[in-house]
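What follows is one structure encoded as structure tokens, with my remarks underneath.
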Amino acid sequence: MNLARHRTHMATSSIANGNLPVSQPAVSSGSAPLVSCDERIFRENFNRLPFEVAHRFSGHPLFELSRLVELANEITSRNDPHRPHGDAYCLIGNPSHADKALETSKPVREVRETIEQIEKANGWIMLNHVERNPAYQKILEDGIADVLQLAGRQVKNKIKWFESIIFITSPGRSTPYHVDRECAWLLQIRGDKEIHFFPRSNKAAVPDEELERFWAVDNQAGVYKPELEDQSMVFMMKPGTGTHIPVNTGHWLKNGNDVSISMNINFVFHDRLWGNIYKANHMLRQRGLKPTPPGQSAFKDAVKGAAWSAMQRVNGAIKKKPYQPQIAKEQNERIFKQMEGRW
């Protein structure tokens, strides 16, 4: 076993063999947290390196396939989706890392049919902003609050909004290598799944130039490098476990032999903290300069973030598009009010 994977195994085992059970009972009315982790491990690695958490969403009736069909019906019929092309996405096929574009997106009206046939559909379904559904709102906001309590009060001013995403995946299907903008916790609810991480500190695997293109122009800018696979951190996820995915961490996933249901709890940070700095660096690099990567100069990061944020506000005013949707503001207020008695 290579060193990187050995370290990951030891980190995972330290949680599983400690006070946090890997497989916890389904959600009940008790006071136990929905998401839990050793506080030291959480604080040391938060938004830096992947680590394992435990959760209690597995076995809850809201996450059974029949209920997810109902949820998909509501999400696909929204008149005001959070995402411009709708809050549901469905892909059929099993692409490699190199031919992500070969995946076939199905019309959202077929999402329900794909869920009902998920065992044989070779599909991948993404249901976005599940927390907007009244049946799911309370339980998901409680889970978000548990993660916030672990993160600490200092994270409050960094957050633009929260979101929950449910993924439904056919047996054996892979999700190709990609990078996410969100600071996430992926919670495994049904089935087994392995996830391979390439931390952003590994510049050979996750170069700054790729991250700049990712934030500025191309969601698929991340390039999988098979020769570096032995440097990946690999977690084997089962129901009741989850992993933290820091911003800009490259990763890919392989589903087990059963239908997989998993859920992201996402912290979406203000653009000035990550996106605007990378967008500014992309523009500078296009002009032949060699910009300083984020995190090396607080002053330069602040200037780039503020300048791009000002441009963003002007563009938003012209397009009459709010920086933060009203529904997100209301959710933030509810969650932060809940945190007043916990921080």
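The values are calculated or read from the model by the stated rules, or taken from the named source; none is laboratory data. All values reported here derive from a predicted model rather than from experimental measurement. Counting neighbours? That spans all protein chains shown, and the Cβs are built from the backbone with ideal geometry, glycine included. Please note that ligands, DNA and RNA were not included when accessible areas were found on the heavy atoms of the full protein model with its side chains. Shrake-Rupley method; radii C 1.70, N 1.55, O 1.52, S 1.80 Å.
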Take the alpha-carbon centre of the stretch 111-126, take the same for the stretch 265-343, and report the distance between them in whole Å.
-> 35 Å
What whole-number value in Å² describes the accessible area per residue of the chain for a 1.4 Å probe?
-> 48 Å²
Say a site is exposed when it is one of the trypsin sites (Lys or Arg not before Pro), sits in a DSSP loop, and has at most 15 other Cβ atoms within 10 Å; what is then the longest site-free stretch of the chain?
-> 204-286
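On average over all directions, what projected area in square nanometres does the chain have, based on the convex hull of its Cα atoms?
Answer in nm², one decimal: 17.6.
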Semi-axes a, b, c in Å (a largest) for the stretch 227-314, each sqrt of 5 times a Cα gyration tensor eigenvalue, come to 35, 17, 11
What value, in deg cm²/dmol to 500, does the helix sum -39500 (n - 2.57) over DSSP H runs of n ≥ 4 give at 222 nm once divided by the residues of the chain?
-> -10500 deg cm²/dmol
With contacts defined as alpha carbon pairs under 8 Å and 6 or more residues apart, what's the relative contact order of the stretch 270-316 in percent?
-> 50 percent
Once whole DSSP H runs in the chain are found, which of them have Cα atoms spread over 30 Å or more along the helix axis and a mean Kyte-Doolittle score of at least -0.5?
-> 298-319
Volume of the Cα convex hull of the stretch 270-316, divided per residue and given in Å³ | 64 Å³
Relative contact order, percent, of the chain when contacts are C-alpha pairs under 8 Å separated by at least 6 residues?
-> 21 percent
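Starting from 0.36 nm per residue, how many nanometres of slack lie between residue 327 and residue 73 once their C-alpha separation is accounted for? Don't skip to the end; give the middle numbers.
Working: separation 254, 0.36 × 254 = 91.44 nm, distance 1.99 nm.
That pair, residue 327 and residue 73, stretches by 89.4 nm at full extension.
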